[in-house]
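What follows is a single structure, written as structure tokens, with notes after it.
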Amino acid sequence: MRSAVGTFAIGLLLAATPATAKTVVVRAAHMVDVLAGRTVDNVQVVITDGRIAAVGKPGDAAPADAQVIDLGARTLLPGLIDMHVHLTSDPRFSGYRSLEYTDNFWTVVGVANAKRTIEAGFTTVRNVGSSNFDDVALKQGVEAGYITGPRIVPATYALGATGGHCDSTEFPPSIKVPSPGIANSPDEFRAAVRKMRKYGAEVIKVCMTGGVFSKTDSVGAQQMSFDEIKAVVDEAHMLGMRVASHAHGTAGINDALRAGVDTIEHASLADEESFKLAKAKGAWLDMDIYNDDYILAEGAKNGVFEESLAKERMIGRKQRETFRAAHAAGVKLLFGTDGGVYPNGDNAKQFTKMVEWGMTPLEAIQAATRSAAEALDRTADVGAIATGRYGDLVAVDGDPLADVRVLEKPAFVMKGGEVVRAAP
């Protein structure tokens, strides 16, 4: 037991020890307050040990030894969030071209894409599907300081049925492809959820319907039964995880919503019933309405299967029309781009499409900040410039609420109080 004298002496020593907290002060002419839905002028953000300690005006109290970054006339925003990416994919190697590379090549691709993504202003991403648990490796590499990249919410392998969108359907029976995410009954899907969580998944991704880039299926056909998706949802929610459901077709979308999934990815053929179910269940639609332009312009050159291009031609515009209808109906919408289907790092090009198809610039920005943080259940950490959250900041030249395209060329990016892209 310490003596009273000893305790007093230790207290004096601690009081005399200088604070080691790192403080950064960031100043700018404007800031988009995504929580209040307005622009604030003449702002100062104080970040201590990676988190925001205060948001105020230049001249407010700050440690004398703080690093000061003055961004001048620029506009500050929270670090952006993309809710649907595949960091370990490169669209230039589509179709059978990917077979020219060894399995671990895609981890290297992920390292490069992680850097491109954060330099584009996206400081948090949800990686909804990768092989070999590569997204967990990237997350660990970023957090350990080995590579530069955003905060990553990994899904590991996407779960799906034999012969479905998440299975490898482009090979003959003689070629066996490891498929840890393939299951064919409620019990098997429950076990798969547990396995993905065991190896690092923080969100569960399922393939409820066919898809554009799977070779042999119909894009809208349902591929999991209601009982199977309900088993996934119940197991994931019991374990404290959320569920993202790939679903283009109406029946699959609606069964996934009835089962309680948290987000519907793509949602191309959602109908009025889908909108009602989403609103009743509190679910979000996460619609990748930019990448159609890239797929149709570059897909054939990149080796995309002709079957896939035909499906994209069928589904692309319809998805955008569904986005507009969902927004008009008051459905909650997120910013998710399917990065990897187009080049990672071009994520911000989707903002323009969201505005073109019905959103205001502010709504599009909120979909990639405030709303995304809510859907991730991480409002204590990301999604706004607010006290207690991470010091994740983006600055742009111009007013993004007048011209959302300025987000495509950020002048400054900071993650956790550390500069990723310095302002020129």
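The values are calculated or read from the model by the stated rules, or taken from the named source; none is laboratory data. Owing to the predicted nature of the structure, the values given are computational and were not obtained by experimental measurement. Cβ sites come from the backbone with ideal geometry, for glycine too, and all protein chains shown count toward neighbours. Surface areas here come from the heavy atoms of the whole protein model, side chains and all, with no ligands, DNA or RNA. Shrake-Rupley method; radii C 1.70, N 1.55, O 1.52, S 1.80 Å.
What would the Debye equation give as log₁₀ I(q)/I(0) for the range 87-243 at q = 0.11, 0.14, 0.21 Å⁻¹, counting only Cα atoms as equal point scatterers? Each listed q corresponds, in turn, to -0.45, -0.74, -1.38.
Between 385, 204, 315, the Gaussian network model of the chain with springs among Cα atoms under 10 angstrom shows the greatest mean-square fluctuation at 315. Would you please give the residues with an amide H less than 5 Å from that of residue 153, counting only those at least 5 places away or on a separate chain, with H modeled from the backbone geometry? Correct list: 125, 126, 127.
Estimated from the Cβ-Cβ distance and a Förster radius of 41 angstrom, the FRET efficiency linking residue 99 and residue 279 is about 0.40.
Counting only trypsin sites (Lys or Arg not before Pro) that DSSP places in a loop and that have at most 10 other Cβ atoms within 10 Å, the longest clean stretch of the chain runs over 177-424. With r as the distance between the Cβ atoms of residue 65 and residue 317 and R0 = 51 Å, compute the FRET efficiency 1/(1 + (r/R0)^6) and round to 0.05. According to the calculation, E is roughly 0.35. Under a Gaussian network description of the chain, with springs only between Cα atoms under 10 Å, the residue in 104, 127, 347 that fluctuates furthest is 104.
For the range 350-381, the residues whose backbone nitrogen is under 19 Å from a point 7 Å from the Cα of residue 405, taken along Cα to Cβ, are 350-365. Comparing mean-square fluctuations of 103, 286, 392 from a GNM of the chain with C-alpha springs under 10 Å, the top value falls on 103. With viscosity 0.890 mPa s and temperature 25 °C, the Kirkwood radius over alpha carbon pairs of the range 211-250 converts through Stokes-Einstein to a diffusion coefficient of 213 µm²/s. Measuring r between the beta carbons of residue 21 and residue 227 and using R0 = 60 Å, the FRET efficiency lands at 0.70.
For the pair residue 92 and residue 300, the difference between a 0.36 nm per residue extended length and the Cα-Cα distance amounts to 73.9 nm.
Annotation: the antiparallel percentage among DSSP beta bridges lying fully within the chain is about 45. Taking a ≥ b ≥ c as the square roots of the eigenvalues of the Cα gyration tensor, the chain is prolate, since a/c reaches 1.5 or more and a/b is larger than b/c. Split the accessible area of the range 317-411 by element, probe 1.4 Å, and carbon with sulfur accounts for 45%. Comparing Cα centroids, the range 374-415 and the range 162-212 end up 34 angstrom apart.
Exceeding 23 Å between C-alpha atoms, which entries from my cross-link table qualify? They are 311/353; 276/318; 301/349; 198/279; 349/415; 205/301. Those over the limit are 198/279; 205/301. By the Kirkwood approach, averaging reciprocal distances over each pair of separate Cα atoms, the range 42-114 gets a hydrodynamic radius of 16.5 Å.
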